[in-house]
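To start, the structure itself, in structure tokens.
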Amino acid sequence: MSQQRGLGRSVHLFRSFLVEQTEPDRFYGDLAEDSVDTVADHMSLDGRIVLDVGAGPHQFADTFRARGARYVAIDHDPTVSSVADGGLTGSALALPVADGAADVVFSSNLLEHVPHFAPVADELLRVTRPGGVLYLSYTNWWSPWGAHEASPWHWLGAGYAARRYERRHGHPPKNRLGESLYRVSVAEGLAWARNRQDVDILGARPRYLPDAARHVLAVPGLRELVTWNLLLILRRRDDSLTTAPATGGTR
């Protein structure tokens with residue numbers, strides 16, 4: 001049964017977030033533990049094949065493996081630590097993996113870095129086995145962290161945010177709108193999940209906020225400002241015979 005996540009857990013994560021640059025092992029370790037706990041609410045990980053697409057730091061690999069998972073990382077960058085340690089290199093639009101190969105497909109903070117949400121989400125679902133779990137998490141553009149390191153100044157315009165960052169730091173931000181960062185909304189992710197006929201939505205909520213904050217997703221506009229990061233946990237249906245077209249529309 002899923003555990004209820006309250007305010008104390010959110011405070012702990014946000015405190016870790018504040019030291020991301022100075023204590024990355026602490027931040028990514030806390031985030032990996034929290035993320036793997038969430039996956040484990042819905043499926044035992046012992047002996048399961050976990051495919052981490054858009055793979056992150058080694059803490060995710062370490063934590064999944066500590067739970068007994070057969071962890072495989074995929075990223076377009078072969079120098080990513082979890083890929084360099086025996087992972088795969090490939091595009092999220094054409095994963096070098098067979099249909100239904102993974103028990104769990106895990107994607108954390110990838111979808112804001114691809115030009116089109118739906119084709120990548122479709123590909124992640126393709127490699128999830130029937131009965132398997134798909135974990136999707138991404139930062140929506142209008143959240144306080146939508147422009148990543150240039151946030152929250154993107155609320156005054158993406159160009160202004162990038163220029164301000166460069167003036168202050170002497171170099172442009174790593175994440176630039178239209179190059180390595182794209183506008184994706186909460187509404188787009190919810191619509192994609194709801195329009196699929198081959199998934200059950202196990203969870204939909206702001207990733208870092210208490211579980212009770214899931215109700216904000218019912219309020220257009222407000223959800224785009226306060227969600228920070230949308231988490232979707234889906235189960236691919238065993239009895240699916242058809243796949244809904246990927247429209248990428250909004251609700």
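We did not get these values from a lab; they are worked out from the coordinates using the rules stated. Note that this is a predicted model, so its numbers are computed, not measured. Cβ: placed from backbone, ideal geometry, glycine included. Neighbour counts: every protein chain shown.
Listed values, structure above:
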quantity: Residue-averaged [θ]222 nm for the chain, counting only DSSP H segments that reach four residues, each worth -39500 (n - 2.57); calculated: -9000 deg cm²/dmol
quantity: Crossing angle, helix 7-17 versus the chain [Cα axis fit, 0-90 degrees, rounded to tens]; calculated: 60
quantity: Relative contact order (%) - criterion: Cα under 8 Å, at least six apart; region: segment 1-78; calculated: 27
quantity: Amide proton proximity set for residue 132, modelled H, under 5 Å, gap of 5+; calculated: 236
quantity: Residue-by-residue Karplus 3J(HN,Hα) for segment 204-216, coefficients 6.51, -1.76, 1.60, Hz, glycine and proline x; calculated: 8, 6, x, 4, 9, 8, x, 3, 4, 6, 4, 5, 5
quantity: Relative contact order computed over the chain (Cα-Cα under 8 Å; 6+ residues apart), in percent; calculated: 18
quantity: Order by protection proxy (mean Cβ within 10 Å, highest first), peptides 215-225, 132-142; calculated: 132-142, 215-225
quantity: Under 5 Å, built H, 5+ apart or other chain: amide partners of residue 202; calculated: 233, 234, 235
quantity: Computed label-point distance, nm, for sites residue 4 and residue 79 using a 7 Å Cα→Cβ extension; calculated: 4.7
quantity: Footprinting exposure proxy for 129, 168 (fewest neighbouring C-beta atoms within 10 Å first); calculated: 168, 129
quantity: For 97, 53, order by how many other beta-carbon atoms lie within 10 Å, fewest first; calculated: 97, 53
